[in-house]
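Visitor: Here it is, the structure in full.
Bear in mind these aren't lab numbers, they're just calculated from the coordinates by the rules spelled out. This one's a predicted model, so the numbers in the text were calculated from it and none came from an experiment. As a convention, Cβ positions derive from the backbone with ideal geometry for all residues, glycine included, and neighbour counts pool all protein chains shown.
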Amino acid sequence: MSIKREWTTPIAAGAFLLLAVTGLLMFFHAAPELAEEIHEWFSLVFVAAALLHVTTNFASFKRHLSQRRAQVLIGIFALILLASFAPLGEEEDEGPPFAAPVRMLAKAPLTEVAQIAKSSPEQLIAHLKEKGVAVQSAQQSLSELVGDDLRKQVHFMQVMLEK
C-alpha cells in the first residue's frame, strides 16, 4: 500500500489548524480543559501526519534541505528545541498570573477556606464529599485533597464556591 499525498497533506494541514488554535488558546490561558487534552493527543496525529507527508514528498523535502536558507532555519529551530530543555532556575513553573494566589489558598486549611467561601467548614466538607473528594478533617488543605495540579485546584475551588 502506498501512502498518498491526497491523504497526508490534508491530515497534516487539519492537525496543524487544530494545534494552532488550541495552542493559541492555551497561550492566552483561555483553553477549556478538553481543548488542552485534544491539543496533547492530536500532537501525536500531527507528528505522524508530518512524517508521512515528508515521506510522500521526500524528493521536494531533500531539495529544500540542500538550500542554505533551509539549513539555517531548521538549525535555528533545532537550537531553540535544545534550549527548551535547559533549566531556567530553581523555581517551579509559575504558570498564569492567578496561579500564585490559587496555590496559596489551596494550602490553607478548609476551615479558613470556608470563611472565604462564606460557608461553614461542615457545609464545605459535605459539598466536597458530594463531588467525590475524600475529606477526613477540616484541617486538611485542598492541595492535600486533590494534589498540586493547578487545574484541579481551580476546579475544586469553583466547586466550593458554587454551593
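Visitor: I need the chymotrypsin sites (Phe, Trp or Tyr not before Pro) found in the stretch 55-143, filtered to DSSP loop residues with at most 16 other beta carbons within 10 Å of theirs. Intermediate results must be reported in sequence, preceding the final value.
Guide: Working: sites: PHE58, PHE61, PHE77, PHE85, PHE98; in loops: PHE85, PHE98.
Within the stretch 55-143, the qualifying chymotrypsin sites (Phe, Trp or Tyr not before Pro) (loop, at most 16 other Cβ atoms within 10 Å) are PHE85, PHE98.
Visitor: Averaging sequence separations of C-alpha pairs under 8 Å and six or more residues apart, then dividing by the length of the chain, give the relative contact order as a whole percent. Walk me through the intermediate numbers first.
Guide: Values: 109 pairs, mean separation 27.7, N = 163.
Relative contact order for the chain comes out at 17 percent.
Visitor: Please arrange VAL154, VAL113 by counting, for each residue, the other beta carbons lying within 10 Å of its beta carbon, fewest first.
Guide: Working: VAL154 17, VAL113 22.
Listing VAL154, VAL113 from fewest to most nearby Cβ atoms yields VAL154, VAL113.
Visitor: If you place +1 on the Cβ of every Lys and Arg, -1 on the Cβ of every Asp and Glu, and leave all else neutral, what size is the dipole of the stretch 5-83 about its Cα centre, to the nearest 20 Debye? Please list the in-between numbers first.
Guide: Details: 5 positive and 5 negative charges, 150 e Å.
That gives the stretch 5-83 a dipole magnitude of about 720 debye.
Visitor: Relative contact order for the stretch 99-162: what percent, with Cα pairs under 8 Å and sequence separation of 6 or more?
Guide: Numbers: 67 pairs, mean separation 25.6, N = 64.
Averaging sequence separation for qualifying contacts and normalising by length gives 40 percent for the stretch 99-162.
Visitor: Ranking TRP41, TRP7 by Cβ neighbours within 10 Å, fewest first, what do you get? All intermediate terms of the calculation are to be shown ahead of the outcome.
Guide: Working: TRP41 9, TRP7 13.
So the residues, fewest neighbours to most, are TRP41, TRP7.
Visitor: Run through all the Cα pairs of the stretch 62-163 and give the fraction in each 10 Å bin from 0, expressed as whole percent.
Guide: Here the calculated profile for the stretch 62-163 is 13, 34, 16, 11, 12, 9, 5.
Visitor: Using a Förster radius of 22 Å, what is the FRET efficiency between SER120 and GLU162 based on their Cβ-Cβ separation? Nearest 0.05, please.
Guide: Numbers: r = 16 Å, r/R0 = 0.71.
The calculated FRET efficiency here is 0.90.
Visitor: Projecting each Cα onto the charge dipole of the stretch 30-126 (Lys/Arg +1, Asp/Glu -1 at the beta carbon, about the Cα centre), which of LEU81, LEU105, ILE38 comes out farthest on the positive side?
Guide: Comparing the listed Cα positions along the dipole, LEU81 ranks first.
Visitor: By the scheme Lys and Arg +1, Asp and Glu -1, what is the net charge of all other residues having a beta-carbon under 13 Å from that of VAL54? Working shown, then result.
Guide: Details: positive: ARG5, LYS62, ARG63; negative: none.
Local net charge: +3.
Visitor: Something else: Tally Lys and Arg at +1 and Asp and Glu at -1 over the other residues with C-beta under 15 Å from the C-beta of LEU19: what net charge comes out?
Guide: Numbers: positive: none; negative: GLU36, GLU37, GLU40.
Computed value for this residue: -3.
Visitor: If the cut-off is a Cα-Cα distance under 23 Å, which lysines reach LYS152, setting aside same-chain residues fewer than 8 apart in sequence?
Guide: LYS107, LYS118, LYS129, LYS131, LYS163
Visitor: Ok, one more. Kindly point out which whole DSSP H helices in the chain project their C-alpha atoms 27 angstrom or further along the helix axis while averaging a Kyte-Doolittle hydropathy of -1.0 or above.
Guide: Numbers: long enough: 5-27 (32 Å, 1.26); 33-56 (34 Å, 0.90).
What comes out of the filter, once short or polar helices are dropped, is 5-27, 33-56.
Visitor: Using Cα pairs under 8 angstrom and six or more residues apart, how large is the relative contact order of the stretch 5-83, in percent?
Guide: 37
Visitor: Please arrange ARG68, ARG151 by counting, for each residue, the other beta carbons lying within 10 Å of its beta carbon, fewest first. Walk me through the numbers before you get to the answer.
Guide: Working: ARG68 7, ARG151 12.
Final ranking by Cβ density, sparse to dense: ARG68, ARG151.
Visitor: Next question, about the same structure. If you put +1 on each Lys and Arg Cβ and -1 on each Asp and Glu Cβ, how big is the dipole of the chain around its Cα centre, in Debye rounded to 20?
Guide: On the way: 14 positive and 17 negative charges, 196 e Å.
The calculation lands at about 940 debye.
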